[in-house]
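Peer 1: Sending over a structure as structure tokens; questions will come in a sec.
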Amino acid sequence: MNESLEGIHYATGEQISVTIEGSKIRDIQPLSSQKVNLPYIAPGLVDLQINGYQGYDFNTLPITEETIKQVTNLLWKEGVTSFFPTIITNHDEAIEHAVQVIAKACENDRFVAECVAGIHVEGPFISPEDGPRGAHSTAYVKAPDWSLFQRWQEAAQGRIKIITISPEWLESVSFITKCVENNVTVSLGHTAATPKQIQEAVEAGATMSTHLGNGAHLMLPRHPNYIWEQLANDHLSVCLIGDGFHLPESFLSVAIRAKKSSSMLVSDAVYLSGLEPGEYDTHIGGKVVLSPEGKLHMKENPKLLAGSVKMLKDGIAHLVNSELCSIEEAWEMASTRPASFMKFPTKAGLEAGAPADLVTFKRENSAVNIVQTYKLGKQVYTAY
């Protein structure tokens, strides 16, 4: 059975009709007559880093298969058709349990498996230093351990596709090499590494930077430093949090210019994302405040962020409203670029023959509002 969507092509501005046949885009044609009030049509969003959503947390044990399923379903209203549940620094058994539950959820629900594109393990092989370590617990930070990672990967049924590490450990180069040999993307983050250590990590096969500009010392040497080093390295794609709070517009502008098509957006959303503004008591940071504007900060110090609660569509809106890039580029930073980086079939985007992972959206009052979401040709969300 075929289905047709009418709307405005997000990149060209042309009014088009997209025909879906089964799980793929069969055809894209210009509309024969112009219409009013049409939504935009764009590729589904791909989030490489999400810790939870709307009260469901991937890092509060015990997690259940239902947690994975509920987050998958809830993210459709945000236009997210593929995502990486992200497990952060914890004790060894906690990480093993979390990845095992995610794998079982995928095993028992084919559609969840299609949306969970992989698991992102962020830590515990990160910097032990205050600042770069961020909110990760110092009690569990350790040097890269390949045998331990293999244990986690076995529990995950091979679904760990991204790991964030700091290359400042002596074991880093050999660990990165083994990850690359086993098709695991290595991302540099939460690091106090020297330029030489970063260069050695890239030569070993590291290809990405995790939320560059965050998870860093409050004060850095003018140069050299690990942020400049990653910005300058053409072999590293960078992930950026575009919520308007984690990074100033000047940094976003420089990063986008430096990395061009290798810059990508992530939400790095915590489980408070999607909840009402107010005061919350968290298991990691203690008492925090979620403002009506979407800023999550420590109660005792509003200048200290306690995580991100904005979603990819909000990051897109922020980049466009700040005139940092076009809607086309901002959207691709959150969809086809991460899909291409991870070598997903959806990297083709809005083209005939591509998987029908699609969203329709409207730009209203400076916001991006999702109207419909399609996963592999099936409508999984509608605002109406």
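Peer 1: If I go through the range 167-206 residue by residue, how many of them are of a type in the set (S, T, Y), under 29 Å from C106 (Cα atoms) and in contact with a strand residue (DSSP E or B) (Cβ under 7 Å, 6 or more places away or on another chain)? Please lay out each step first, then the result.
Peer 2: Pass one, the range 167-206, residues of a type in the set (S, T, Y): 172, 174, 177, 185, 187, 191, 194.
From what is left, the residues that are under 29 Å from C106 (Cα atoms) are 177, 185, 187.
Checking the rest, the ones that are also in contact with a strand residue (DSSP E or B) (Cβ under 7 Å, 6 or more places away or on another chain) come to 185, 187.
Of the residues in that region, 2 qualify.
Peer 1: While we're looking at this one, here's another question. Hey, can you tell me all the residues within the range 279-299 that are at pLDDT below 85 and on the phi < 0 side of the Ramachandran plot? Explain how you work it out, then say what you get.
Peer 2: Of all residues in the range 279-299, those at pLDDT below 85 come to 282-286, 298.
T282, H283, I284, G285, M298 - these are the residues of the range 279-299 that are at pLDDT below 85 and on the phi < 0 side of the Ramachandran plot.
Peer 1: What are the residue pairs meeting all of these: first residue in the range 234-258, first residue touching a residue at least 40 places away in the same chain (Cβ under 8 Å), second residue of a type in the set (D, E), Cβ atoms under 6 Å, and 6 or more apart or on different chains?
Peer 2: Filtered contacts from the range 234-258: I241/D268.
Peer 1: Those residues that are surrounded by fewer than 16 Cβ atoms within 10 Å (Cβ to Cβ) and in a loop (DSSP other than H, G, I, E, B), I need them from the range 81-94; list them, please.
Peer 2: Step one: filter the range 81-94 for residues surrounded by fewer than 16 Cβ atoms within 10 Å (Cβ to Cβ), giving 91-93.
If the condition is that a residue be surrounded by fewer than 16 Cβ atoms within 10 Å (Cβ to Cβ) and in a loop (DSSP other than H, G, I, E, B), then H91 is the only one that fits.
Peer 1: Next up: Against the definition (surrounded by fewer than 20 Cβ atoms within 10 Å (Cβ to Cβ) and within 19 Å of the chain's Cα centre (by Cα)), how does T191 come out, yes or no? Steps first, please.
Peer 2: Details: surrounded by fewer than 20 Cβ atoms within 10 Å (Cβ to Cβ): no; within 19 Å of the chain's Cα centre (by Cα): yes.
The answer is no for T191.
Peer 1: Still on this structure, I have one more. Scan the range 144-164 and give yes if some residue there is of a type outside the set (A, V, I, L, M), surrounded by 22 or more Cβ atoms within 10 Å (Cβ to Cβ) and closer than 20 Å to N214 by Cα, otherwise no.
Peer 2: For the range 144-164, residues of a type outside the set (A, V, I, L, M), surrounded by 22 or more Cβ atoms within 10 Å (Cβ to Cβ) and closer than 20 Å to N214 by Cα: present.
Peer 1: Here's a follow-up. Quick one: S366 ticks every box in (1) surrounded by fewer than 24 Cβ atoms within 10 Å (Cβ to Cβ); (2) farther than 26 Å from V254 by Cα bar one, so which box is it?
Peer 2: (2)
Peer 1: Taking G123 as the residue in question, decide whether it is out of contact with any strand residue (DSSP E or B) (no Cβ under 8 Å at 6 or more places or on another chain), small (G, A, S) and either buried (at least 20 other Cβ atoms within 10 Å of the Cβ) or touching a residue at least 60 places away in the same chain (Cβ under 8 Å) (or both). So that I can check it myself, show each step before the final result.
Peer 2: Numbers: out of contact with any strand residue (DSSP E or B) (no Cβ under 8 Å at 6 or more places or on another chain): no; small (G, A, S): yes; either buried (at least 20 other Cβ atoms within 10 Å of the Cβ) or touching a residue at least 60 places away in the same chain (Cβ under 8 Å) (or both): yes.
In short, no.
Peer 1: Can you tell me how many residues within the range 278-328 are among the hydroxyl-bearing types (S, T, Y) and free of Cβ contacts under 8 Å to residues at least 40 places away in the same chain?
Peer 2: Counting residues in the range 278-328 that are among the hydroxyl-bearing types (S, T, Y) and free of Cβ contacts under 8 Å to residues at least 40 places away in the same chain gives 4.
Peer 1: So is W228 surrounded by fewer than 22 Cβ atoms within 10 Å (Cβ to Cβ) and more than 27 Å from A258 (Cβ to Cβ) or not?
Peer 2: Values: surrounded by fewer than 22 Cβ atoms within 10 Å (Cβ to Cβ): yes; more than 27 Å from A258 (Cβ to Cβ): no.
It is false that W228 is surrounded by fewer than 22 Cβ atoms within 10 Å (Cβ to Cβ) and more than 27 Å from A258 (Cβ to Cβ).
Peer 1: While we're on this one: Can you report the number of residues in the range 202-223 which are modelled with pLDDT of 95 or more, within 25 Å of T177 (Cβ to Cβ) and either part of a loop (DSSP other than H, G, I, E, B) or touching a Leu at 6+ places or on another chain (Cβ under 6 Å) (or both)?
Peer 2: Count: 7.
Peer 1: Something else about it: Being touching a Cys at 6+ places or on another chain (Cβ under 6 Å) and surrounded by 19 or more Cβ atoms within 10 Å (Cβ to Cβ) is true for just one of V266, V320. Which residue is that? Spell out how you get there, then give the answer.
Peer 2: Numbers: V320 fails: touching a Cys at 6+ places or on another chain (Cβ under 6 Å).
Testing whether each residue is touching a Cys at 6+ places or on another chain (Cβ under 6 Å) and surrounded by 19 or more Cβ atoms within 10 Å (Cβ to Cβ) leaves just V266.
Peer 1: Related question: Considering the range 154-186 alone, what residues qualify as being in contact (Cβ under 8 Å) with a residue 60 or more places away in the chain and of a type in the set (S, T, N, Q)?
Peer 2: T185
Peer 1: With the structure loaded, tell me whether I102 is within 30 Å of Y10 (Cα to Cα) and either crowded, with 17+ Cβ neighbours inside 10 Å or in contact with a strand residue (DSSP E or B) (Cβ under 7 Å, 6 or more places away or on another chain) (or both) or whether it fails that test.
Peer 2: Details: within 30 Å of Y10 (Cα to Cα): no; either crowded, with 17+ Cβ neighbours inside 10 Å or in contact with a strand residue (DSSP E or B) (Cβ under 7 Å, 6 or more places away or on another chain) (or both): yes.
Against the criterion (within 30 Å of Y10 (Cα to Cα) and either crowded, with 17+ Cβ neighbours inside 10 Å or in contact with a strand residue (DSSP E or B) (Cβ under 7 Å, 6 or more places away or on another chain) (or both)), I102 does not qualify.
Peer 1: Quick one: R110 ticks every box in (1) surrounded by fewer than 24 Cβ atoms within 10 Å (Cβ to Cβ); (2) more than 24 Å from K142 (Cα to Cα); (3) touching a residue at least 40 places away in the same chain (Cβ under 8 Å); (4) not hydrophobic (A, V, I, L, M, F, W, C) bar one, so which box is it?
Peer 2: Evaluating R110 over (1) surrounded by fewer than 24 Cβ atoms within 10 Å (Cβ to Cβ); (2) more than 24 Å from K142 (Cα to Cα); (3) touching a residue at least 40 places away in the same chain (Cβ under 8 Å); (4) not hydrophobic (A, V, I, L, M, F, W, C) leaves (3) as the failure.
Peer 1: Looking for something farther than 21 Å from E332 by Cα and without any contact (Cβ under 8 Å) to a residue 12 or more places away in the chain - is there at least one such residue anywhere in the range 188-199? Don't jump to the end; show me each part of the working.
Peer 2: We begin by selecting, within the range 188-199, every residue farther than 21 Å from E332 by Cα; these are 188-199.
Now narrow it down to the ones that are without any contact (Cβ under 8 Å) to a residue 12 or more places away in the chain: 196.
Looking for residues that are farther than 21 Å from E332 by Cα and without any contact (Cβ under 8 Å) to a residue 12 or more places away in the chain, one finds at least one in the range 188-199, hence yes.
Peer 1: For the range 337-362, what are the residues that are part of a strand (DSSP E or B) and of a type in the set (D, E, K, R)? Give the steps one after another, and end with the answer.
Peer 2: Taking the range 337-362 first, the residues part of a strand (DSSP E or B) are 355, 358-362.
Within the range 337-362, K362 is the sole residue that qualifies.
Peer 1: Going residue by residue through the range 363-373, is there one that turns out to be part of a helix (DSSP H, G or I) and touching a residue at least 60 places away in the same chain (Cβ under 8 Å)?
Peer 2: No, there is no match, as no residue in the range 363-373 is part of a helix (DSSP H, G or I) and touching a residue at least 60 places away in the same chain (Cβ under 8 Å).
Peer 1: Answer yes or no: is there a residue in the range 323-336 that is in a strand (DSSP E or B) and either over 20 Å from the mean Cα position of the chain (by Cα) or at pLDDT 95 or above (or both).
Peer 2: Here is the first cut: in the range 323-336, the ones in a strand (DSSP E or B) are none.
There is no residue in the range 323-336 that is in a strand (DSSP E or B) and either over 20 Å from the mean Cα position of the chain (by Cα) or at pLDDT 95 or above (or both).
The values are calculated or read from the model by the stated rules, or taken from the named source; none is laboratory data. Remember, it's a predicted structure, so these values are computed and weren't measured experimentally. When we count neighbours, we look across all protein chains shown, and the Cβ atoms used for this are built from the backbone with ideal geometry, even at glycine.
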